[in-house]
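Have a look at the structure below, then the notes.
The values are calculated or read from the model by the stated rules, or taken from the named source; none is laboratory data. Computed from a predicted structure; not experimentally measured. Note that each Cβ is placed from the backbone with ideal geometry, even for glycine, and that neighbours are counted across all protein chains shown.
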Amino acid sequence: MTIILTKPVRVGGVELAAATTQTFAADVEADLVARGCATYTTNPMLGGQVPVMADYNPNTGEAQFQDSTRRHGHQ
């Protein structure tokens with residue numbers, strides 16, 4: 001599965017920037033999503049694929065996500 005980070009996080013001693021696409025083990029991804037640090041690019045329950053794009057504003061700390069149907073804001 002693939003996730004997009006909604007805020008900078010440290011994984012394995014490496015800081016990863018917000019609005020970047022990452023792939024980890026399912027349990028790590030689930031933890032990051034549950035803590036509000038990431039969002040899935042696809043619904044893991046459906047198995048479908050919906051392309052998701054992200055923009056991150058480092059000044060406000062806000063990430064904007066857009067799938068094929070709508071735009072989402074997340075802080």
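Table for the structure above
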| read-out | value |
| --- | --- |
| Selection within the range 1-32 - over 11 Å from the mean Cα position of the chain (by Cα), acidic (D, E) and within 26 Å of T60 (Cβ to Cβ) | E15, D31 |
| The one condition in (1) in a loop (DSSP other than H, G, I, E, B); (2) at pLDDT 90 or above that P44 fails to fulfil | (2) |
